[in-house]
1. Are there any pairs, at least 6 apart or on different chains, whose C-beta atoms fall under 7 Å, with the first in the range 123-143 and under 24 Å from residue 104 (Cα atoms) and the second assigned to a loop (DSSP other than H, G, I, E, B), and if so, which?
2. State all residues of the range 269-282 that are farther than 17 Å from residue 318 by Cβ and either of a type in the set (D, E, K, R) or touching a Gly at 6+ places or on another chain (Cβ under 9 Å) (or both); if no residue qualifies, say none.
3. Select from the range 324-333 the residues that are within 15 Å of residue 169 (Cβ to Cβ) and out of contact with any strand residue (DSSP E or B) (no Cβ under 7 Å at 6 or more places or on another chain) and list them in ascending order.
4. Could you tell me which of the residues 155, 243 is assigned by TED's automatic domain parsing to the domain that holds residue 296, outside any strand (DSSP E or B) and surrounded by fewer than 15 Cβ atoms within 10 Å (Cβ to Cβ)?
5. Scan the range 179-194 and tell me whether some residue there is modelled with pLDDT under 95, of a type outside the set (Gly, Ala, Ser) and outside any loop (DSSP other than H, G, I, E, B).
6. Can you pull out the helices (runs of 4 or more DSSP H) entirely within the range 301-411 that have at least 2 residues that are in the same structural domain as residue 274 (by TED's automatic domain parsing) and under 19 Å from the mean Cα position of the chain (by Cα)?
7. Could you run through the range 130-145 and say how many residues are crowded, with 21+ Cβ neighbours inside 10 Å and of a type in the set (A, V, I, L, M)?
8. So residue 254 passes all but one of these: (1) assigned to a loop (DSSP other than H, G, I, E, B); (2) in the same structural domain as residue 266 (by TED's automatic domain parsing); (3) in contact (Cβ under 8 Å) with a residue 60 or more places away in the chain. Which condition number does it fail?
Amino acid sequence: MTTQAGVAVRVLAARVVDAVMYRGRSLKAELATNLPRIEDPRDRALLEAICFAVLRARARSDAALAAWMAKPLGRADNELRALLHVGFAQLVVMELPAHAALSATVEAVRALGRPHQDKLVNALLRRAQREGLPEAPADALWPAWLRRQVREDWPAEANAIFAASQHEAPLWLRVNSRHGTREAYRQRLHEAGIAAEPVEGMADALVLQTPVAATALPGFTAGDVSVQDGAAQQVADLFADLPPGARVLDMCAAPGGKTAHLLERDPSLQVLALDVDERRLQRVRETLGRVGVEATLRAADAADTAAWWDGQPFDAVLLDAPCSATGIVRRQPDVLLHRRPEDLVALTALQSRLLDVAWQVLRRGGVLVYATCSILSSENTAQITHFLERTKDAVPGDLPESLGRQTATAAQRLPGEQAMDGFFYAVMRKA
């Protein structure tokens, strides 16, 4: 990496962090905008790694700034504050070579038009290099209201949930069974110098403890493999009993991983994939095209059946519902910055409405799979309990023990269990 390129990465990292932490933007959206501006894939990987490290360590970095600065930075200095977070993350969390991290970050101060503050940044970064960052409680990243909710729902497991959410997740791969066996693909990874382990009971899954860029995976662009967490891969197992040619509805399909997985296993399925956002639906289109399967895609509000349903019932419905995403904080750490109590009220109301619509379009004897990447009872067990109370012809289906903690009607996996994301599953059959 040239010095100029290194400075450019730090400048972009500061701007992404500023947008996410202080202006309410989505990390995924900011990275999607800024990563293409960097030519070298190694520099793109560095930018992404820095941003994730910053968000995971922001409580410690904030504690350092509060302790080390006699006068706190004002709102006009948010970009500078973001750059300090970037510097701290490189030195303490990522443990990058100190000389390069220091020089590039201090030079980035000047590139941001703040040459009068380069000495301040240099002094603070050198202190972080010497002393490290102050420790912070594992739950410090979680807003107080959400922290209380997690402790109420999971009193014995809350501390483990908070701790797991701070760590980088392993990279899970889903091997496309239409293109070859898992073992054959594992051998291709081995030949490429990438170590991967199979997972017992998961036919398509491999796990990489050391993540690599998706584009570095052999055959990725040809659709031989996809990146998908193990918890999300297990959704496809709940549709294993469908007959060939079954009509399946994926109500909230983007970005398309679960639709693709179903069709990789059985291309004869007639899948209608909906998403309310045409731009997100384009991602589904790209995903299906890459892995070589076909579905009918439609941009529509799933709750508005008049806009998309032809009146013919479906054999199976997947409702991977919009949710708080509290089970995937380790993959989307900005969730904790953006989520508000009123969001949960709106989400649970939407989930309830979508469940009722899913039941309306499901045939007698059909199966409805409800899934979220949440760990909150109001979106999960309570949601299903209320649905079963008001839906007299809904019968809870059996769930594999491999899905995690079982209740009478559902299963919940917590973040980090079996190295997977937090995920909730429920299956109902229409009597």
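The values are calculated or read from the model by the stated rules, or taken from the named source; none is laboratory data. Everything numeric here is computed off the predicted structure, so don't read it as measured data. FYI the Cβ positions are ideal-geometry reconstructions off the backbone, even for glycines, and counts take in every protein chain you see.
1. That search, which allows pairs on different chains as well, returns 133/57.
2. Scanning the range 269-282 gives 277, 278, 279.
3. Listed by number, the residues that qualify are 325, 326, 328, 329, 330, 331, 332, 333.
4. Answer to the selection: 243.
5. No, there is no match, as no residue in the range 179-194 is modelled with pLDDT under 95, of a type outside the set (Gly, Ala, Ser) and outside any loop (DSSP other than H, G, I, E, B).
6. 335-338, 341-360
7. Of the residues in that region, 2 qualify.
8. (3)
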